[in-house]
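Here's the structure, in structure tokens; my notes come after.
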Amino acid sequence: MENTKLDLDNYRSLLKEYLLTKNETALYQAEQFSKLSMQHNISPEEIIHVHIEALKELYPDLTQEVNDSLNFLLEAMISYGLAYQEFQTLREKQSELQSEISVAASMQQTLLSTVKPEIKGLDIGAISVPANQMSGDYYHFVTDKEDDTLGIAIADVIGKGIPAALAMSMIKYSMDSFPENQRNPSAILENLNRVVERNVDPSMFITMFYGLYNPGNETFSYASAGHEPGFYYHGDQDEFEEIEARGLVLGATDQATYRQFERKIKKNDCIILLTDGVTECRIGDRFIERDEILQVIKKYIQLPAQEAVEQVYKHFERLQEFQFRDDFTLIIIRKEV
Amino acid sequence: MDFKPCVNIRKEWDIVGARQLGREKAKEIGFGTVDQARIATAISELARNIYLYAGTGKICFEIVDDFEHKGLQIIAVDEGPGIRDISQVMEDGYTTSGGLGAGLPGVKRLMDHFDIISEVGEGTEIRASKWVR
């Protein structure tokens, strides 16, 4: 204890002052002493030792019983000192891990980044927010300059955090490696299913929805691998309809096939895609109903698509007291003409 | 080497015997009360490990007094199952004591020098020393 303020003399004079005056100033200084001690990694048993020594100097006739009992207290503090040191080490380790995860998270963001395309006649809004630093949700837009089609992928790894994020990166790279002319939703899911089945732990499941919009014939074709059903919004009636598409989650069996559906998109209609982070929002212990989600979306659906998804996100963020339990992804695509 | 005083660990009560002998040695060499208490706690941990995981073993003490150091070495020896993954038991937070900050990392913190040799199926020898300042 080289520090002048930390030494025995200082403690002794503080103690003496307190015993004489019993005033708050001395107690405040004791608090400062204790903080300074912690900064210098001084264990509680050392403080007690300093206390005993100071007391002995102030009261040379200290009775044997008091002296012994203070030594007893010192003995009883040893484990607290150890626990405190362990806590310090673990805290350092935690901040190292934290910064490692931040680096990984920003790497993931770069890897999974997708450009929201500007497509004539379509208004697109997308938001994806991880519950923790790393996301197990993923969405991606694929455009084709030749025929102006738009591919939309939205996927969710069951589970979250780092394992989910790692699995997601794999999905992204598999999709990138598929041939350019491979734009067929059911074929894409079938290919991805084989990749996931071969490479991902059987306990991990990935749900995915893939849709392809062809402006030439105003048709939206899609297939789903067990993904949270999205909604089709009828602009003229101001009503929602669930987009039905059933299929096995990716990776369950290598033989899975995915049925492809098609539908015409009318002017002012919207396609709404989401992950279960949206539908499994909780208020207290209660999951919200899908109807409640639709009410919220309805409230904002007239806004430009990007503004709408952001408002919906903000609504649920507040509802959940700013603490999402799962990654949240929402996409709205409106046909404007 | 001097005659080494040892305490056999067979039952929980023997931990107290080991602490007592260790504290006497520590006092003899000139350790202050705080270090005496730390040495006693380290002995407790080592003796309890023997009692819990090896069943029987012994704790011996050696007074170190050479040009460099003056101090006490605790030697804990058992012929128990041994430790398969030493790095793991030396990791903070691993302790079977339920995160009470003790365990072998605790012993290492309480003492100035710590060494461990273990063979699976043969046993474990831990040497922990503390120097008088």
Note: probe point = Cα of residue B:12 + 7 Å toward Cβ; backbone nitrogen < 17 Å; residues of the stretch B:29-45 passing the test are B:44-45
Full-stretch length increase - residue A:323, residue A:166 - with 0.36 nm per residue and alpha-carbon distance subtracted: 54.2 nm
Please give the net charge around residue A:185, taking every other residue with its beta carbon less than 11 angstrom from that of residue A:185, where Lys and Arg add +1 and Asp and Glu add -1. 0
If each DSSP helix of 4+ residues adds -39,500 (n - 2.57) and the sum is divided by the residues in the protein assembly as shown, what number results at 222 nm, nearest 500 deg cm²/dmol? -14000 deg cm²/dmol
I need the peptides A:138-146, B:120-128, B:71-79, A:197-205 ranked by packing, meaning the mean over residues of other C-beta atoms within 10 angstrom, with the highest value on top. B:71-79, B:120-128, A:138-146, A:197-205
What dipole magnitude, in Debye to the nearest 20, does the protein assembly as shown give about its Cα centre under +1 on Lys/Arg Cβ and -1 on Asp/Glu Cβ? 200 debye
Per residue of B:32-45, how many C-beta atoms from partner chains lie within 10 Å of its own C-beta, taken as a mean? 4
Lys/Arg +1, Asp/Glu -1 at C-beta; chain A dipole; positive extreme among A:288, A:39, A:235: A:235
Sort by residue number and name the cysteines in the protein assembly as shown that have no neighbouring cysteine Cβ under 4.7 Å. A:270, A:281
Among A:90, A:21, A:58, pick out the residue whose Cα is farthest towards the positive end of the charge dipole of chain A, where Lys and Arg carry +1 and Asp and Glu carry -1 on C-beta, about the Cα centre. A:90
Taking the Cβ of residue B:105 as the centre, find all other residues whose Cβ is under 15 Å away and add up their charges (Lys, Arg: +1; Asp, Glu: -1). -2
Using 0.36 nm per residue, how much length does the chain from residue A:181 to residue A:89 gain when fully extended, once their Cα-Cα distance is taken away? 27.7 nm
Near the amide H of residue B:114, under 5 Å away, which other amide H atoms are found, from residues 5 or more places off or on another chain, if H is placed in the peptide plane? B:129
Is the shape of the stretch A:17-61 best called rounded, prolate or oblate, per the rule: a/c under 1.5 gives rounded, else a/b larger than b/c gives prolate, else oblate, with a ≥ b ≥ c the square roots of the Cα gyration tensor eigenvalues? oblate
With charges only on Cβ, +1 for K and R and -1 for D and E, what is the dipole size of the stretch B:6-131 about its Cα centre, in debye, rounded to 20? 500 debye
Amide hydrogen neighbours beyond the local backbone of residue A:235, cut-off 5 Å, H modeled: A:269, A:270
Gyration tensor (alpha-carbon) shape descriptor, the stretch A:175-230, a/c threshold 1.5: oblate
Where a ≥ b ≥ c are the square roots of the eigenvalues of the C-alpha gyration tensor, would you call the stretch A:114-335 rounded, which needs a/c under 1.5, or, failing that, prolate if a/b is larger than b/c, or oblate? oblate
Over what distance in Å are the Cα centres of the stretch A:117-194 and the stretch B:28-59 separated? 60 Å
Point-to-point label distance, residue B:84-residue A:337, nm (Cα→Cβ direction, 7 Å offset): 6.9 nm
For chain B, longest principal axis from Cα atoms; helix B:33-49 axis from its Cα atoms; angle between them, nearest 10 degrees, is 30 degrees
Rg over Rh [alpha-carbon atoms, Kirkwood Rh] for the protein assembly as shown: 1.20
Name the lysines eligible as straight-distance cross-link partners of residue B:27: C-alpha to C-alpha under 19 Å, and not fewer than 8 places from it in the same chain. B:4, B:70, B:130
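Since every read-out is calculated from the coordinates, none of them should be taken as a lab result. The structure presented is a predicted model; accordingly, all values stated were derived computationally and were not measured. So basically every Cβ, Gly included, is an ideal-geometry build from the backbone, and we count neighbours across all protein chains shown.
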